[in-house]
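Working notes for the structure below.
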Amino acid sequence: MEKDAALGAWELPHELRMLRDSVRRFMQEEVRPAEDGLPHDATRLPAETLKRLQAKARPLGLWQIESPAEWGGAGLGLLGQAVVAEESSQCKMGAYIPAGHAFGWDPPNVIFRGTEDQIRRYAVPVMESGDKSFVAISEPGGGSDPGRAIETRAERRGDRYILNGTKTWISGVGDSDWGVLFARTGPGKGRDGITAFVVEKGFKGFSYKPIPVIRSYSPYEISLVDCEVPVENRLGEEGGGFKLAETWLVHARVPYAAAVIGVAQAALALAIDWARNREVFRSKLADKQAIQWMIADSEIELRAARLLVYQAAWHGDLGRDIKMETSIAKVYATEAAGRVVDRCMQIFGGLGVAQEMPLERWYRELRIKRIGEGPSEVHRMVVSRELLNSQTRS
Ligand SMILES: Cc1cc2nc3c(=O)[nH]c(=O)nc-3n(C[C@H](O)[C@H](O)[C@H](O)COP(=O)(O)OP(=O)(O)OC[C@H]3O[C@@H](n4cnc5c(N)ncnc54)[C@H](O)[C@@H]3O)c2cc1C
């Protein structure tokens with residue numbers, strides 16, 4: 001009895017287990033078959049297939065996972081988002097599929113901190129269509145420390161802001177009509193001089209080009225030359241851009257970390273299956289201790305990563321500050337997932353690096369995850385700073 005009660009504390013709540021099963025079924029029955037026959041490096045489903053999947057996902061409540069229920073989203077908490085991200089990334093396209101494709105890209109959540117007019121003009125249409133919107137923070141001068149590195153200037157002239165500068169590594173620009181872009185209105189004020197704007201791709205002075213990277217889904221460089229942005233497109237107050245987005249940026253690491261666990265879990269399932277069947281030196285791979293240990297280490301690391309993500313999500317859903325918890329979860333999950341996929345490739349031998357398997361694709365994608373949403377070193381800095389400062393205080 002006591003043991004059951006203790007176990008209960010570590011189980012997902014009933015409704016989230018139902019949600020997990022529903023996403024799992026959807027991925028098995030709808031998404032994975034739809035991916036059959038797609039090129040190895042495909043980053044999207046054919047338009048007709050996507051429409052069909054989206055039409056099936058919506059009535060299941062698998063639509064706009066993160067967006068607030070009052071605006072028609074599923075309004076899931078962080079734990080729910082983690083569950084969906086982990087299940088929905090267990091497919092060939094891995095971390096692209098989650099809320100992104102079949103379940104409709106959520107608009108950048110910070111838009112819901114804007115005015116009703118901004119929400120109606122920008123968020124509501126993409127919530128309906130499921131289309132992507134971009135978030136542009138990073139610049140050539142650095143993405144790790146954007147409070148200092150953002151140099152893109154936004155100068156107010158009458159009822160417009162004139163933006164000049166360059167944004168780099170921005171995901172999804174090619175697929176978006178608009179995005180939230182952070183620019184400097186207050187020179188010399190660090191983070192307090194940054195303001196957020198909703199910027200349309202069609203605004204005069206806005207141009208972009210892809211930057212080819214290790215994976216097939218390229219981020220973009222945005223160039224702003226006297227780009228005119230109406231004053232009513234400013235999100236929040238001048239200088240309040242970071243404060244407006246801070247909690248959301250911290251929370252976004254939860255589904256990010258959960259998605260990489262899903263990718264690695266899918267890789268491990270393939271490797272286990274292969275090890276059971278592949279015979280070398282007159283016995284199955286599964287009978288060799290070297291392979292058993294790779295499998296065991298992978299499971300151990302994935303379970304630890306999942307608990308760290310769940311713990312961060314759980315604290316966040318209780319309204320607590322989870323800056324340190326999400327940094328820990330992000331570093332551990334992205335690094336562990338990379339190790340797991342690497343081991344799985346090893347278990348497959350030559351086939352592990354062949355394009356007929358999804359492993360090499362996942363391996364390249366996971367490499368990026370140690371840099372995107374803040375490099376591992378920055379998150380280690382956050383954790384150590386927190387510990388060192390609190391030790392100083394005690
Ligand atoms: C594929 C991809 C998609 C992306 N999508 C987006 C997007 O949609 N929007 C967006 O705004 N940005 C996006 N980024 C940018 C990403 O957030 C940045 O690349 C990241 O924050 C690092 O910034 P940087 O590349 O300028 O590296 P830098 O800030 O120059 O850092 C370089 C390296 O220095 C080290 N380092 C940094 N700080 C410390 C420290 N305190 N201590 C020790 N070492 C440190 C780290 O190893 C780091 O990798 C994307 C990046 C990639 C690769």
Please compute the contact order of the chain in relative form: average sequence separation of alpha-carbon pairs under 8 Å and at least six residues apart, divided by the residue count, as a percent.
14 percent
Give me the distance in nm between label points sitting 7 Å out from Cα along the Cα-to-Cβ direction at A304 and L60, one decimal.
3.3 nm
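Can you compute the helix-only [θ] at 222 nm over the chain? Use -39500 (n - 2.57) per DSSP H run of at least 4 residues, normalise by all residues, nearest 500 deg cm²/dmol. List each step's numbers first, then the result.
Numbers: 12 runs with 178 residues, N = 394.
So the helix-based figure for the chain works out to -15000 deg cm²/dmol.
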Students often forget the sequence filter, so: which lysines lie under 20 Å Cα-Cα from K56 once same-chain residues fewer than 8 apart are removed?
K92, K132
Taking only Cα atoms of the range 89-204, the Rg to Rh ratio with Kirkwood Rh works out at 1.00
Measuring from the longest principal axis of the C-alpha atoms of the chain, the long axis of helix 47-57 (C-alpha) lies at a number of degrees, nearest 10, equal to 80 degrees
Round to the nearest 10 and give me the degree value, 0 to 90, for the angle of helix 323-348's Cα axis relative to the longest principal axis of the chain.
40 degrees
Going by alpha carbons, how many degrees (0 to 90, nearest 10) lie between the helix axis of 78-88 and the longest principal axis of the chain?
60 degrees
Give me the lysines in straight-line cross-link reach of K243: C-alpha distance below 17 Å, same-chain residues under 8 apart excluded.
K189, K323
Once both label points are put 7 Å beyond Cα along the C-beta direction, the T166-W71 separation in nm becomes 3.2 nm
Cleavage-rule hits, trypsin sites (Lys or Arg not before Pro), the range 167-205, DSSP coil, Cβ neighbours within 10 Å at most 16
K189, K201, K204
If contacts are Cα pairs under 8 angstrom and at least 6 residues apart, what is the relative contact order of the range 3-129 in percent?
24 percent
Expressed as a fraction of 2.2 N^0.38 Å, the rule-of-thumb size for a compact globular protein of N residues, what is the C-alpha radius of gyration of the range 184-295?
1.84
Sticking with the crude label model, points 7 Å out along Cα→Cβ, report the distance from A47 to W293 in nm, one decimal please.
5.4 nm
Using Cβ contacts closer than 10 Å as the measure, can you line up M324, M381 from fewest to most?
M381, M324
Using the Karplus curve 6.51 cos²θ - 1.76 cosθ + 1.60 with θ = phi - 60°, what ³J(HN,Hα) values do you get for each residue of the range 61-77, in whole Hz, with x for Gly and Pro?
x, 9, 8, 6, 4, 8, 6, x, 4, 5, 10, x, x, 6, x, 5, x
When N is the residue count of the chain, what does its C-alpha Rg come to as a fraction of 2.2 N^0.38 Å?
1.02
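Let me have the relative contact order for the range 45-102, percent, based on Cα pairs under 8 Å that are six or more residues apart.
Values: 51 pairs, mean separation 15.4, N = 58.
Dividing the mean separation by the residue count of the range 45-102 yields 27 percent.
Can you give the Rg to Rh ratio for the range 3-129, taking only C-alpha atoms and Rh from Kirkwood?
Details: Rg = 15.9 Å, Rh = 15.6 Å.
Ratio of gyration radius to Kirkwood radius for the range 3-129: 1.02.
Taken together, the values in this text are just the output of simple stated rules run on the coordinates, not laboratory data. In this text the structure is predicted, and so the values were computed from the model without any measurement. No Cβ is skipped: glycine too gets one built from the backbone with ideal geometry, and neighbour counts run over all protein chains shown.
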